[in-house]
1. Can you give me the distance in nm between label points at residue 337 and residue 93, each placed 7 Å from the Cα along the Cα-to-Cβ direction?
2. For region 325-405, which GluC sites (Glu not before Pro) are both in a DSSP coil and crowded by at most 12 other Cβ atoms within 10 Å?
3. On a full-extension model of 0.36 nm per residue, what is the gain between residue 229 and residue 345, subtracting their alpha-carbon distance, rounded to one decimal in nm?
4. DSSP loop trypsin sites (Lys or Arg not before Pro) in region 318-352 with at most 13 other Cβ atoms within 10 Å of their Cβ, which ones?
5. Could you calculate the FRET efficiency of residue 478 with residue 126 from 1/(1 + (r/R0)^6), where r is the beta carbon distance between them and R0 is 56 Å, rounded to 0.05?
6. Between residue 236 and residue 464, 0.36 nm times their residue separation minus their Cα-Cα distance comes to what?
7. Nearest 0.05, what FRET efficiency do residue 137 and residue 423 give at R0 = 41 Å with Cβ-Cβ as r?
8. Between residue 218 and residue 257, what FRET efficiency follows from the Cβ-Cβ distance if R0 is 25 Å, with the result rounded to 0.05?
Amino acid sequence: MESAYKKMKGVVLAGGLGTRLYPLTKVTNKHLLPVYNKPMILYALDILKRSGVTEILVVCGREHAGHFMNCREGQVEWLAGQLGRAPCVVAPYDAELYGHWWFEGPMFLDFLLRKIHYDQQNIATVTPLEYLEAFPTNPVCELSPSSWGDGGYGAVWMDMSNDWIYPHVHRAEAEMVEVARRHAGTGDGLVERVMAQAARELLLAQASDWAFIIRNQTTVEYAQNRVKAHLARFWRLLRELGAGDIDQGWLADVESRDNIFPDVDWRVYARTDRYYIKQYEADTNTNVSILLDISRSMKFASGGVSKLEYGSFLGACLGYLATRQRDRVGIVTFDEDIVTHVPPSAKHFPQVLYTLDRAKAERPGHLSAPLNKMAEHFKRRGILLLISDFYDEPTAILEAIKPLRFLGNDLVVFHILDPQEISFDYKDASSFEDLESREQIPVVPVSFREQYRALIQEHINALTTRFSEQRIDYAVFNTGEPLDRALFSYLGSREKMARVR
């Protein structure tokens, strides 16, 4: 090693105060050599110089991330032209690379995700499930068996040196399914622990690392022992469970050694033979956007609460319920145009509340123009909660919401009305002002009341019919009714309709 030390090299993370040097047993293909025989030490540059480091590799994670993002933007633009719709680009990486072969990896990902969020508007991060929700019809293809291993196939993980592993693993897999089916209905806490640990031991025995290590002849004995140890624990757990004689001291010991995936749901074996991790239920979460009409007519209040205030309270309640379900929440306020837009995010609920609190009804409103603009923002399928007094003709309202509905969104419409807008119980003759146009009309309420009530009921009935035909949820909320009661009634009816659908 003395000759190698004469060519010592270091790594500097650009923008940092020091560098990380990795002591490696094999350095021929890494271009890095250790200064001291200690793991992951942070060095200042002057210490590197005094230690004899003569060459330094500068890692430019920010620049690399920017270059990668720009390439993806070009790729997405080209693919969109070929496919006629937004493409989905998958960039998978082996987790084993990070911090090991690719020491810059975590920093690169951090820069990349920040740049995608702040520095461009052409691409977005999305899960496969979210893409399928937005584009449910896709061509089906069968991938050819391949891997990144030597030869592009699975020979690295299954050859004469390691193929003895798989018969034992497959036998354990089949037994896990049978035992899980027998105990799926258990409520016994000790049985739960045994089954969860059995699932962990099987998962660890299935790890491809052991076959990889054996094939490459690195720490062969260690890898062999790990496979045997996990399978031995697995079978002992099931034997003790079957005999009803569980050694709790030994169980606690193996739990403390290997408690990987603490939330692994072993019951899924009873149904699908596959692992599911409970915390990944978040993959089914959706975007929830509150679309609040803040046009001038929404400030009307015959009592203490205006339609805008009531709509804001309703939006806040629905947003809170969505965040409790781990959905991403955003908001758009509009009148004759879009006024504010907070995109859906798991972290944006405080901004949603701030927007609701600051909303003011100042300008006239028109549904068509702002809703058409919104359609450009909701390319990803989600739930849209439209809150308005719908101060327009039913046909115009349906035309205005079509762009939102045709994108595949689950559209829910809340029609907010003041008690006097429903009953028109005014007694004295006076001039009534149209809050949108500011036009004033002299009216004698007693002579006009029945005709007005018939017109407003006709308007509600028309919207009910039109929305029902489009399979859009529609609910009328009276600002004179306590919000908790109205919301409880609506959510109850929506749940019943969901069961029917």
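1. Taking the two extended label points, one gets 4.1 nm.
2. Sites meeting the loop and neighbour criteria: 362.
3. Using 0.36 nm per residue and subtracting the Cα-Cα distance, I get 37.4 nm.
4. Taking region 318-352 and a limit of 13 other Cβ atoms within 10 Å, the loop trypsin sites (Lys or Arg not before Pro) found are 326, 347.
5. 0.90
6. 75.8 nm
7. With R0 = 41 Å, the Cβ-Cβ based efficiency is 0.25.
8. Efficiency for this residue pair is about 0.65.
No value in this document is a laboratory result; all are computed from the given coordinates. Computed from a prediction, not measured in an experiment: that's the story for all the values here. Methodologically, a virtual Cβ is constructed for each residue, glycine included, from the backbone with ideal geometry; neighbour enumeration extends over all protein chains shown.
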